[in-house]
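Engineer: Take a look at this one; I'll ask things after.
The values are calculated or read from the model by the stated rules, or taken from the named source; none is laboratory data. Predicted model, so just to flag it, every value in this text is computed and none were measured. All Cβ positions, even for glycine, are placed from backbone atoms using ideal geometry, and neighbour counts span all protein chains on display.
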Amino acid sequence: GEARRAVRAADCGRARRARVAGAARPRPAVARSVPDKTVAAAAVEVVEGHHVDVVPHVPSNYPHFTPFIENVEQYRAMYKRSIEDPDGFWGEIAEEFHWERKWEEKHTSWNFDVRKGPIHIEWFKGGLTNICYNALDRHVQEGNGDRPCFLWEGNEPSDDSVMSYKQVLDEVCRMANYLRSLGVGKGDAVSIYMPMVCELPIAMLACARIGAVHSVVFGGFSAEALAGRIADCKAKVLITSSGVMRGNKKIDLKGIADRGVELAAKEGHEVPTVIVREIKHAVPRKDTKVVEGRDVWWEDAVAGQSTEAEVEWVEADHPLFLLYTSGSTGNPKGVVHCTGGYMVYTYTTTKYVFNMQEGDVYWCTADCGWITGHSYLTYGPLLVGATQVVFEGVPTYPGPDRCWQVVDKYKVKQFYTAPTAIRSLMRSGDLYVKEHGRDSLRILGSVGEPINPEAWRWYHDVVGDGRCPVVDTWWQTETGGHMIAPLPNVWRQKPGSATLPFFGVLPVLVDEKGNELEGEAEGMLCIKQAWPSCLRTVYGDHERYQTNYFAPFPGYYFSGDGARRDADGYFWITGRVDDVINVSGHRIGTAEVESALVAHPKCAEAAVVGYEHPIKGQGIYAYVTLMEGVHQSEDLRRELVASVRSTIGAFAAPDVIHWAPGLPKTRSGKIMRRVLRKIATKQEDELGDTSTLADPAVVQQLVELRGK
Ligand code: ATP
Ligand code: MG
């Protein structure tokens with residue numbers, strides 16, 4: 001490794017802009033030596049034939065904050081302890097919270113091996129606590145009740161409001177009391193189907209306060225999807241809203257919710273009560289259909305309720321919520337997370353990965369309908385005591401500069417979004433970013449898909465002006481919290497790599513037979529021991545839990561993702577294992593080919609899939625979305641193929657380029673490659689479960705453009 005590695009000094013930021021201006025791609029085919037290492041703000045490395053950008057750890061690059069952890073050595077010492085002594089390591093952090101009854105000294109235990117019996121995980125055994133109490137009451141009691149908790153930013157830039165920690169707590173208590181008055185209590189399920197208004201996290205926290213289990217269904221889902229999720233958990237209550245504005249579209253959420261409830265009844269589950277929050281600017285009360293005896297307005301429900309509500313102290317392993325995965329690879333799984341471990345882990349990752357302190361202004365663009373909106377909106381940041389932006393709208397309305405306008409308006413310090421949003425904003429050009437100051441920004445986060453190095457660079461150099469570390473966080477609905485992520489300003493970054501594991505996470509790479517691979521290697525990404533926020537079961541189907549996650553490689557939790565570990569021990573997610581393409585015996589991850597395509601200045605987004613090829617076994621079929629204003633041509637097709645050939649190698653050169661105005665994505669913004677595989681092989685009649693597909697029209701569009 002070392003010998004084959006060399007560093008070339010180059011300001012990649014400048015290089016990228018030069019390329020956009022039409023200059024030749026500056027990536028070196030052969031590595032050269034460094035003229036002056038100390039002034040290298042960024043560099044390109046060649047590791048095992050992979051071109052790798054490097055942003056060295058130079059604290060002066062990011063002068064605006066001091067990390068909690070001073071250096072890599074301190075991280076390594078803490079990491080080692082977290083793995084060897086989980087009881088002690090996590091126990092010490094848990095002391096920062098209120099526990100009604102303390103956990104036992106040896107509080108962790110788990111069986112990760114299907115051969116030794118049922119999979120079983122326990123954290124903070126014996127402890128009694130409540131996550132709502134720790135997220136809200138604790139701060140109010142410490143005298144911080146007046147601190148802004150939610151800075152709500154509506155779909156329209158002129159529409160906003162602020163709620164303090166005390167105001168949020170009051171509203172949570174009133175809703176908790178009302179839910180109790182309906183007979184909802186510990187262990188009962190409550191479905192929540194709402195847009196991004198403060199009442200959404202408030203409803204979640206109210207459930208947590210009384211020990212009820214929330215199941216948030218993303219507000220963009222159809223009545224059918226909602227019905228299935230309501231019936232699955234036998235919800236005692238559905239909390240929804242009258243309507244919602246998304247961009248310039250008005251959505252009749254209540255109408256969809258009504259249909260969902262009807263369909264759920266047909267599936268055998270009757271929901272006795274529907275609580276409706278009025279969203280005046282979308283659909284006012286007078287225009288909302290109300291079902292007598294079943295529906296109640298939120299405002300009326302809480303009107304007479306006290307702002308004090310007794311806390312239900314629950315066992316650390318009491319279920320907190322269930323949530324379905326995004327459905328990128330198959331039909332969604334109902335993941336169950338439990339209170340204590342989830343609380344301690346989301347708090348710790350929020351604090352270290354975002355370098356977050358009490359009172360920091362933080363903005364996560366994810367909807368609460370996804371795990372990111374649970375762990376890094378409703379729970380983690382409130383446990384830290386941050387002030388956060390809750391955004392109802394979309395990043396491109398009214399214009400592609402909305403995000404930066406909001407960043408300036410609230411002086412956002414940590415900004416967390418998905419590669420899909422980054423790529424789409426990048427596509428619109430730098431000008432929209434540059435017309436806003438963005439001086440408050442300190443950290444830029446990414447989650448949801450591998451972030452292509454080109455998009456990483458743009459995020460770092462243009463959005464962050466080169467002063468903000470990028471935290472590329474690899475994790476899953478199932479893991480509850482960040483698993484592999486940089487601790488900002490503690491170690492150097494490599495664009496496209498999620499870098500090193502978080503405390504308590506022991507990632508391993510295994511081959512197809514389940515043998516652990518050492519050192520530099522590429523394989524299936526597994527986790528070897530339990531971490532505090534590991535999912536405990538699949539709702540109502542422990543068998544599926546074991547088969548899906550623990551049976552493929554006995555002794556390990558299997559993530560379903562592939563990864564490469566480089567000479568520095570950094571992890572590079574190569575994509576879903578199911579999506580790996582095998583060309584003439586070369587196993588090729590989707591992420592690498594896609595990143596090579598996106599590195600071309602005219603390519604905005606790319607998705608590759610394999611298809612049957614008579615000679616190579618599999619061929620590479622690439623869907624390409626071009627930058628705004630760029631037109632497809634035969635020359636461009638050849639250029640793109642040549643660019644992959646020179647970046648990765650001839651074996652990875654795409655056989656087909658399919659021009660794509662858009663890509664099929666899940667509602668959470670992930671590319672659905674299984675759908676693209678079907679289109680490539682003309683099997684679009686057999687798409688499988690597409691209930692989480694954001695825009696079904698894209699599929700037809702791609703079919704029509706096939707072969708053009
Ligand atoms: P399903 O499990 O139903 O197919 P899903 O896997 O898309 O859906 P999520 O739990 O929302 O559901 O997504 C987790 C997946 O997202 C990971 O397994 C990984 O493939 C991808 N992912 C998330 N963050 C990153 C990241 N920073 N880098 C690379 N991949 C990421
Ligand atoms: Mg998954």
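Engineer: Do we find that Gly341 is more than 16 Å from ligand 2 (Cβ to nearest atom) and either under 30 Å from Trp123 (Cβ atoms) or not basic (Lys, Arg) (or both) in this structure?
Structural biologist: yes
Engineer: May I pose another question? For the subset of segment 561-588 comprising residues that are within 16 Å of ligand 2 (Cβ to nearest atom) and either of a type in the set (Ser, Thr, Tyr) or under 14 Å from Arg673 (Cα atoms) (or both), which member is modelled with the highest pLDDT?
Structural biologist: Top of the filtered list is Asp561.
Engineer: Check Leu444, Leu487 and return the single one that is part of a strand (DSSP E or B) and either within 16 Å of ligand 2 (Cβ to nearest atom) or out of contact with any Asp or Glu (no Cβ under 9 Å at 6 or more places or on another chain) (or both).
Structural biologist: Just one listed residue meets the conditions, Leu444.
Engineer: Being surrounded by fewer than 22 Cβ atoms within 10 Å (Cβ to Cβ) and in a helix (DSSP H, G or I) is the requirement here; does Gln701 meet it?
Structural biologist: yes
Engineer: Further question: Among (1) farther than 17 Å from Ile210 by Cα; (2) in contact with a helix residue (DSSP H, G or I) (Cβ under 6 Å, 6 or more places away or on another chain), which single condition is Thr339 missing?
Structural biologist: With (1) farther than 17 Å from Ile210 by Cα; (2) in contact with a helix residue (DSSP H, G or I) (Cβ under 6 Å, 6 or more places away or on another chain) applied to Thr339, the lone miss is (1).
Engineer: Under the condition of being assigned to a loop (DSSP other than H, G, I, E, B) and among the acidic types (Asp, Glu), which residue from segment 544-595 is farthest from ligand 1 (Cβ to nearest atom)?
Structural biologist: Checking each candidate, the answer is Asp568.
Engineer: Among what's in segment 451-464 and is in a loop (DSSP other than H, G, I, E, B) and at pLDDT 95 or above, pick the residue that is surrounded by the fewest Cβ atoms within 10 Å (Cβ to Cβ).
Structural biologist: Ranking the qualifying residues of segment 451-464, first place goes to Gly464.
Engineer: Inspect segment 589-600 for any residue being over 24 Å from the mean Cα position of the chain (by Cα), surrounded by fewer than 22 Cβ atoms within 10 Å (Cβ to Cβ) and not polar (S, T, N, Q) and give the result as yes or no.
Structural biologist: Among the residues of segment 589-600, not one is over 24 Å from the mean Cα position of the chain (by Cα), surrounded by fewer than 22 Cβ atoms within 10 Å (Cβ to Cβ) and not polar (S, T, N, Q), which makes the answer no.
Engineer: Still on this structure, please answer the following. Report yes if some residue within segment 470-484 is away from ligand 1 (no atom under 15 Å from the Cβ), of a type outside the set (Ser, Thr, Tyr) and at pLDDT 95 or above; otherwise report no.
Structural biologist: Among the residues of segment 470-484, not one is away from ligand 1 (no atom under 15 Å from the Cβ), of a type outside the set (Ser, Thr, Tyr) and at pLDDT 95 or above, which makes the answer no.
Engineer: Moving to a separate point now. Can Ile679 be described as among the aliphatic types (A, V, I, L, M), out of contact with any Gly (no Cβ under 9 Å at 6 or more places or on another chain) and within 16 Å of ligand 2 (Cβ to nearest atom)?
Structural biologist: Here the answer is no, as Ile679 does not meet what is asked.
Engineer: Show the residue pairs meeting these rules: Cβ distance below 6 Å; 6+ apart or different chains; first residue within segment 266-277 and of a type in the set (Ser, Thr, Tyr); second residue surrounded by 16 or more Cβ atoms within 10 Å (Cβ to Cβ) and in a loop (DSSP other than H, G, I, E, B).
Structural biologist: Thr273/Leu182
Engineer: Return yes or no: is Gly183 surrounded by fewer than 18 Cβ atoms within 10 Å (Cβ to Cβ) and either of a type in the set (Ser, Thr, Tyr) or not in a helix (DSSP H, G or I) (or both)?
Structural biologist: yes
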